[in-house]
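One structure is given here, and the rest of the page talks about it.
The values are calculated or read from the model by the stated rules, or taken from the named source; none is laboratory data. From a predicted model like this one, the values you see are computed outputs, not experimental measurements. In this analysis, Cβ positions are derived from the backbone assuming ideal geometry, glycine residues included, and neighbour counts consider all displayed protein chains.
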Ligand code: ATP
């Protein structure tokens, strides 16, 4: 996670993620699903600005007028949890520059929470290790620990057990984000646990040792079917992606965003151009060319 000092503040960049593989292994007694997923952090960032403030005063603002910035915001929850776990009574003013589309399966909220933990740990001089911060993050959400192990990781359990992986080569994607988001809980309610889950071994080998072509044959997302049932617009989006002839395309996480995996940057720019051109009538579709984070 990239940290930059700025006049009297710290700026922490919070990347989005895509799931290039997601399998559902079973339903647990606590209501969560056991999953196995390969996540890759990508170069679309929110930024969390953190400034020291008088003791006890924790405030959040955002440039996104739609995003609630009250106690439920994951940045606020991260600050409150860090204070509770470390008995730190210091204050902070935080500002969230929101760029990652919400409820899209890109885990923007989780990444913001991880960035807030990193920034506050530094500004409040708490001195927690990365592993300790990831432990606090796991209490906030299943995707939060991943952001302490970028650029890529194999994540199991609810997603909170993280085994870091390094892609053999930079990967280029085009993200396509429809205006309507999807609730993760509703998608999981509809998912059917497969009798024989895919192991994901081949996708890990492809990421570690091969390039995008090797990876493209291994993409999988078990949540895509239930998401399509809830939101038929995603099917049209996947058709549009297919028409641009990328290496491969898939919905990310629990949707509603989808991505195309491309051969290289040049190919990604081509795919994005075609997608934007084909989507002229739908100005609400947001298209981003991104690469895997360094
Ligand atoms: P998830 O699977 O965690 O829902 P997602 O990528 O689909 O992930 P996010 O944009 O991360 O979706 O967050 C989903 C919901 O969490 C939002 O609809 C919003 O109400 C709430 N939320 C809380 N804090 C934030 C935040 N900082 N940024 C975005 N959403 C947030």
Within segment 53-89, how many residues turn out to be more than 14 Å from the ligand (Cβ to nearest atom), in a loop (DSSP other than H, G, I, E, B) and in contact with a strand residue (DSSP E or B) (Cβ under 7 Å, 6 or more places away or on another chain)?
4
The condition from (1) under 25 Å from residue 112 (Cα atoms); (2) within 16 Å of the ligand (Cβ to nearest atom); (3) surrounded by 20 or more Cβ atoms within 10 Å (Cβ to Cβ) that residue 167 misses is numbered (2)
For residue 99, the lone unmet condition from (1) crowded, with 20+ Cβ neighbours inside 10 Å; (2) within 11 Å of the ligand (Cβ to nearest atom); (3) closer than 30 Å to residue 220 by Cα is (1)
Of all residues in segment 186-202 being crowded, with 16+ Cβ neighbours inside 10 Å and touching a helix residue (DSSP H, G or I) at 6+ places or on another chain (Cβ under 7 Å), the one that is nearest to residue 259 (Cα to Cα):
187
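If you check residue 123 against the conditions, is it under 25 Å from residue 60 (Cβ atoms) and surrounded by 14 or more Cβ atoms within 10 Å (Cβ to Cβ)?
The answer is yes for residue 123.
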Filter result (more than 16 Å from the ligand (Cβ to nearest atom) and in contact (Cβ under 8 Å) with a residue 12 or more places away in the chain) within segment 110-130
121, 122, 123, 124, 126, 128, 130
Kindly indicate whether residue 271 is in a strand (DSSP E or B), more than 16 Å from the ligand (Cβ to nearest atom), surrounded by 13 or more Cβ atoms within 10 Å (Cβ to Cβ) and in contact (Cβ under 8 Å) with a residue 40 or more places away in the chain.
no
Looking at segment 154-162, can you tell me whether even one residue there is away from the ligand (no atom under 12 Å from the Cβ), touching a strand residue (DSSP E or B) at 6+ places or on another chain (Cβ under 9 Å) and farther than 17 Å from residue 35 by Cα?
no
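Would a scan of segment 21-43 turn up a residue that is farther than 26 Å from residue 161 by Cβ and not in a loop (DSSP other than H, G, I, E, B)?
Scanning segment 21-43 turns up no residue that is farther than 26 Å from residue 161 by Cβ and not in a loop (DSSP other than H, G, I, E, B).
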I need every pair where a residue in segment 191-203 that is over 15 Å from residue 38 (Cα atoms) has its Cβ under 9 Å from the Cβ of a residue that is surrounded by fewer than 16 Cβ atoms within 10 Å (Cβ to Cβ), sequence separation at least 6 or different chains.
191/27; 191/225; 192/225; 193/26; 193/27
Name the single residue, out of those in segment 203-246 being in a loop (DSSP other than H, G, I, E, B) and surrounded by fewer than 14 Cβ atoms within 10 Å (Cβ to Cβ), that is modelled with the lowest pLDDT.
232
